[in-house]
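Single-structure report; data block below.
The values are calculated or read from the model by the stated rules, or taken from the named source; none is laboratory data. All values derive from a computational prediction rather than experimental measurement. No Cβ is skipped: glycine too gets one built from the backbone with ideal geometry, and neighbour counts run over all protein chains shown. The protein model used for the area step is the full one, side chains on, heavy atoms only, and it has no ligands, DNA or RNA in it. Shrake-Rupley method; radii C 1.70, N 1.55, O 1.52, S 1.80 Å.
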Amino acid sequence: MQKQVLRSPALVLASTSRYRRELLERLQLPFETASPDVDETPLSNETAAQTSLRLAIAKAVALASRFPGALLIGSDQVALLDGVQLGKPGTHARAVAQLQAMRGRTIEFHTAVALHNAATGRTQTHTDVTRVTMRHADDAAIERYLLKDQPYDCAGSAKTEGLGIALIAAIESTDPAAIIGLPLIALIDMLNEEGIAIL
């Protein structure tokens, strides 16, 4: 009689972000993506770290009923400048305003990840803080950058994995993937805890 091979739980990324999908693909694990349909509006008196963590958990847990045996990955990022949360600009004008306000300044990016086991109800979480110091880019440079990279779906209006790196003077982080939107180092630890080895 042959032994039955137990399959690992399905892995689901609770996001439609192509940036997070591309990051998760680095781990070379099979996974699928699904939209968690979560309201991302910050709550009043909520810190950036609290917002990102709450939303990461909410995104992962939101898909539990659709994928009852899966490991669900939720992630969220909030940019913070002078205590004010910077969301995704959405438009060219807002992106210009964000980059003008950020030049020569240091911005904190709070990127949270949650791994929710839909079968057991266990949720592991981690929040990474990345500090990004911007160059003193003039208005013309900002315009040229935005027309080339069009980062209107990125908190802080700059893609560090693209031409946005030219606007940046320094990055302080324990995980280079976190600034792009998914803290992979912490996620690997979480997957190991669930019995999924990357190597």
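In the complete set of protein chains, residue-level accessible area for residue 148 is approximately 150 Å², probe 1.4 angstrom. Protein heavy-atom accessible surface, 1.4 Å probe, per residue over the chain: 52 Å². One compactness figure for region 45-139 is 1.31, namely its Cα radius of gyration divided by 2.2 N^0.38 Å.
Entry note, the chain: relative contact order of 21 percent, from Cα contacts under 8 Å with a spacing of 6+ residues.
Calculated on the Cα set of region 137-199, radius of gyration then Dmax: 15.7, 51 Å. Total lysine pairs in the chain at Cα distances under 29 Å, for residues eight or more apart or on different chains: 5. In this structure the amide hydrogen of residue 122, modeled in the peptide plane, comes within under 5 Å of the amide hydrogens of 117, none closer than 5 places in sequence on its chain. Of the whole protein surface, residue 43 contributes about 100 Å² of accessible area at a 1.4 Å probe radius. Nearest 0.05, what FRET efficiency do residue 141 and residue 189 give at R0 = 35 Å with Cβ-Cβ as r? The formula returns an efficiency of 0.35 here. With all protein chains present, how much of the accessible area of region 65-199 (probe radius 1.4 Å) comes from carbon and sulfur, to the nearest whole percent? Carbon with sulfur: 53 percent of the solvent-accessible area.
From its DSSP helices (H runs of at least four residues, each -39,500 (n - 2.57)), the chain gives a residue-normalised ellipticity at 222 nm of -8500 deg cm²/dmol.
Each of 52, 91, 33 was placed along the dipole of region 1-104 (beta-carbon charges, centred on the mean Cα), and the one lying farthest toward the positive end is 33.
Sorted largest first, the principal axis extents computed over the alpha-carbon atoms of the chain equal 72, 35, 26 Å.
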